[in-house]
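Student: My structure is below; once you've seen it, I'll send some questions.
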Amino acid sequence: MNKRMIALAATGLLALSACGNEPGPGAADALSGRTFLSTSVVENGKPRQPQPKVRLQFTTNGRMSWNAGCNTSETSVSTADNQLVLGKEITSTAMGCLGPAADLDSWIGGVLGAKPDWKLDGSKLVLTTSSTTISLLDKEAAEPDVALDGTKWTLTSVVTGQSASSEPGFDKVWLTLNGERVTGSTGCNEFQGMVATSTGKLTFGELATTRRACTGQAAELETLLLKGLQGDLTYRIDGSTLSLRSANGGLDFTALR
């Protein structure tokens, strides 16, 4: 199968350097434990085109991670005096981003490295530098979690170890859970079976499929999917993303809207 592999560093992160001194204590209580998604980006008085999709996550232990469409970076952060000051040691995933996606990595790093002012008004967060204003909304308001049951979930990636693969045709693979039943398509055959749901866990029974002969890439994808939907899996819903994980890897899906 031809796959676009997204390989992470051996530790999952690469150490990078940033200018400045390590900031003091972590994020203020108002930001701690919250995730924000951008609603608009303005540069030099005009909307940046195309509009980047910025994601900021503040942990409860004084760290912040960010993503603008490619790599995710993380460091300690100070929010004293309503100013974001990044830590000296920054870690980042190592996805091979090309073209505009690579440019966005550099762009968001520059904006956050400029020590932007921040203002929080309820669920709305605004970051401001001399040339850039990023308006964001708390993820719980911007993108509430989709229900597990009754949603048509389409495959986005197959996770193996420290890497994930994605390729054309994944959007034809889907599943839907309704109570104790699961139905779906491998992209070649339809399938159905039983599934037990408990807190944070799904347990799949044997899945029955139609008997259409699958060849090449379609056959390989069907094997990966059916193997991934076996036995006990932990699951997590983050907005419109469903992540299924086992000891050997996992599957990621997105809600079809």
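Student: Can you list the residues, at least 5 places off or on another chain, whose amide H is less than 5 Å from the amide H of Arg34, using H built in the peptide plane?
Tutor: For Arg34, the qualifying residues are Phe58.
Student: Once you compute Rg and the Kirkwood Rh from C-alpha atoms, what is the Rg to Rh ratio for the stretch 145-210?
Tutor: 0.98
Student: Restricting the calculation to Cα positions, tell me the Rg (one decimal) and the Dmax (whole number) of the stretch 53-104 in Å.
Tutor: When restricted to Cα atoms, the stretch 53-104 yields Rg and Dmax of 12.1, 37 Å.
Student: So, one more: Taking the Cα atoms of the stretch 107-193, what is the range of coordinates along each of the three principal axes, in descending order and whole Å?
Tutor: 55, 29, 21
Student: Restricting the calculation to Cα positions, tell me the Rg (one decimal) and the Dmax (whole number) of the chain in Å.
Tutor: 20.6, 64
Student: So what J values fall out for the stretch 185-202 if you push phi through Karplus, 6.51 cos²θ - 1.76 cosθ + 1.60 with θ = phi - 60°, rounded to Hz, Gly and Pro as x?
Tutor: Calculated HN-Hα couplings, in order: 9, 8, x, 10, 10, 7, 9, 7, x, 9, 9, 9, 10, 9, 4, x, 9, 10 Hz.
Student: For the pair Ala208 and Ser246, what calculated FRET efficiency results from E = 1/(1 + (r/R0)^6), where r is the Cβ-Cβ distance and R0 = 25 Å, to the nearest 0.05?
Tutor: 0.75
Student: So which of Lys53/Lys115; Lys88/Lys124; Lys88/Lys119; Lys53/Lys119 end up more than 25 Å apart, counting from Cα to Cα?
Tutor: Over 25 Å Cα-Cα: Lys88/Lys124.
Student: Also, quick follow-up: Hey, could you grab the Kirkwood Rh for the stretch 86-142? Inverse mean 1/r over distinct alpha carbon pairs, Å, one decimal.
Tutor: It is 13.2 Å.
Student: Just tell me which aspartates and glutamates come within less than 20 Å, Cα to Cα, of Lys227; anything on the same chain fewer than 8 places away is out.
Tutor: Output for Lys227: Glu167, Asp171, Glu180, Glu190, Glu206, Asp252.
Student: I've got another one for you. Please state the Cα pair-distance histogram of the stretch 46-169 with 5 angstrom bins from zero: what percent is in each bin?
Tutor: With a bin width of 5 Å, the distribution comes to 2, 8, 16, 21, 20, 16, 10, 7, 2, 0.
Student: Starting from the amide H of Lys88, placed 1.01 Å from N in the peptide plane, find each other amide H under 5 Å away whose residue is 5 or more places distant or on another chain.
Tutor: Sorted by chain and number, the residues that satisfy this are Glu22.
Student: Follow-up question, since we're still on this one. Work out from phi, with θ = phi - 60° and the Karplus expression 6.51 cos²θ - 1.76 cosθ + 1.60, the ³J(HN,Hα) of each residue of the stretch 145-150, listed in order in whole Hz, and give x for Gly and Pro.
Tutor: So the J values, rounded to whole Hz, are 4, 6, 5, 5, 7, x.
Readers should treat all values here as calculations from the given coordinates under stated rules, not as data from a laboratory. Keep in mind the model is a prediction, meaning the values are calculated, not measured. Counting neighbours? That spans all protein chains shown, and the Cβs are built from the backbone with ideal geometry, glycine included.
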